[in-house]
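Accompanying notes for the structure given below.
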Amino acid sequence: MYDVLTGKQRALVFPVMCNGFVKIDYSDNVPNSADDVGYGIWSHSGDFTFEAIVTPYDVNGASDLELDGRTLTASKKIMPNNVNESTLTNFQSNLYLSGSKRVVQEMRIFSSTNFYISLRNGTVRTHNQPAEYHILVGIKLSSGAVQEFITTSPVILPTNTRSWIYSSIGELTATGLNEEGRVEYELCTAIDNSSNSGTAFSSGASVLPVTDFSSDANAPAQRGQELFIRNGFTYTSIGTVSGVAHGPNTLTLFAAYVGDLPNTTQIFKRTYLDPTYVENSFHIACNYAETPKELNIYLNGLLVKSGTHAQSGTFSFEDEDLFIGANGGGATGVDSAFTNKQFMGEMHEMCLTSVIRRRFPSITNLLPNFNDTLFYFRFEEVDL
């Protein structure tokens, strides 16, 4: 029988800047004796399906000093920003997870020696860039090392458009509209041949002379940001910024741009990105088939990655503690979140079943069959 529940939905919360996990204790579930016999998940081998409904938080936050002239509203779901301090070592948030680690942070959803599943940040910067998450799965068979499978591109993404708001500079703010009338890009600078000692841009170059800016930190775009030129509602990428330089007032691209950029050509960048996923939930799943050793990863019921394990042998769980929300290491100190693969966000439900599931009738609730269930956790508490 199912319970019918109403009221405010809650969850197991791993707050931003936490250091914690849930341990599924082996010794509490399996007698520790000479006749130790595996039980439940610890006795399982072969096929399985893992499912979880989670809400990830934004681990990037704003660890750069410049934020395109805007101030982020404080949130318990977004890593703190450091816009008012030039010495990053003064910030506990930077010691907890530095900018260079934020962009590659792995957030462990479930962790064991032979199977784990995580969200991994796939950005190259934090400047106007909320985290974008790949789904990563590691699996180890009875022979060989762990093999990891990761989605080719990030699959949990920030929102990249917004409504246009009229202001006293309305004509300027409206220049980045797309065909649907939403702001998708922002005018950030223009080609200025009077900069860079009067050197004009020529096709095949990677250095753009642009309108004067006061310092590297105040450059109109930062490393990792993609730049565009506009023709009507068509925005064409000209490359990604690899470096900035005040004085000559230049933006350098990772690769040369082949094409004409006459003087005063307007240069656009994407408008500010909003990590709306911190207010949403996602159904994440993966299954493993012992024959033919195939692993599939799903997001909201859709297949997003498929691969075959290269090792021989069979899959089974070790006789060990299992962990939810981190790898169980419990490290402290500088970049401890990176070391622990700390999850930051909310967990609503989680289950592991002993069969292959390729269709998921619900992505808002988990519906494991009782006879196939190795574990099921419902972390939500609501009012009856």
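Here, each number is a calculation from the coordinates, and none is a lab measurement. Bear in mind that the values here come from a model prediction, so they are computed numbers and not experimental data. FYI the Cβ positions are ideal-geometry reconstructions off the backbone, even for glycines, and counts take in every protein chain you see.
Please specify each residue of region 127-145 satisfying the condition of being of a type outside the set (A, V, I, L, M) and either in a strand (DSSP E or B) or closer than 19 Å to F343 by Cβ (or both).
P130, E132, Y133, H134, G138
Collect the residues in region 313-345 that are outside any helix (DSSP H, G or I) and in contact with a Leu (Cβ under 7 Å, 6 or more places away or on another chain), keeping them in residue-number order.
Step one: filter region 313-345 for residues outside any helix (DSSP H, G or I), giving 313-335, 341-345.
Matches in region 313-345: G313, T314, F315, V334, D335.
Across region 214-261, what is the total count of residues that are in contact (Cβ under 8 Å) with a residue 12 or more places away in the chain and in a loop (DSSP other than H, G, I, E, B)?
Qualifying residue count, region 214-261: 20.
State all residues of region 243-255 that are over 21 Å from S214 (Cβ atoms) and surrounded by 12 or more Cβ atoms within 10 Å (Cβ to Cβ); if no residue qualifies, say none.
The answer is L253, F254.
Going through region 107-136 one residue at a time, which ones are more than 15 Å from L322 (Cα to Cα) and charged (D, E, K, R)? Walk me through how you get there before you give the answer.
Restricting attention to region 107-136, the residues satisfying the condition of being more than 15 Å from L322 (Cα to Cα) are 107, 119-136.
Within region 107-136, R120, R125, E132 qualify.
From the list S312, S362, exactly one residue is over 27 Å from V13 (Cα atoms) and among the small types (G, A, S). Which is it? Don't jump to the end; show me each part of the working.
Details: S362 fails: over 27 Å from V13 (Cα atoms).
None of the others qualify; the one that does is S312.
Would you tally the residues in region 331-363 being of a type in the set (S, T, N, Q) and more than 22 Å from the chain's Cα centre (by Cα)?
Result for region 331-363: 4.
Give me a count of the residues in region 176-209 that are under 32 Å from the mean Cα position of the chain (by Cα) and assigned to a strand (DSSP E or B).
Residues in region 176-209 being under 32 Å from the mean Cα position of the chain (by Cα) and assigned to a strand (DSSP E or B): 12 in total.
One line per residue, one yes/no per condition, for (1) farther than 22 Å from T55 by Cβ; (2) aliphatic (A, V, I, L, M); (3) surrounded by 14 or more Cβ atoms within 10 Å (Cβ to Cβ):
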{"site": "G259", "(1), (2), (3)": "yes, no, no"}
{"site": "Y277", "(1), (2), (3)": "no, no, yes"}
{"site": "P292", "(1), (2), (3)": "yes, no, no"}
{"site": "I297", "(1), (2), (3)": "no, yes, yes"}
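Condition check: within 25 Å of the chain's Cα centre (by Cα) and at negative phi. Does N371 satisfy that?
When the stated conditions are applied, N371 does not pass them.
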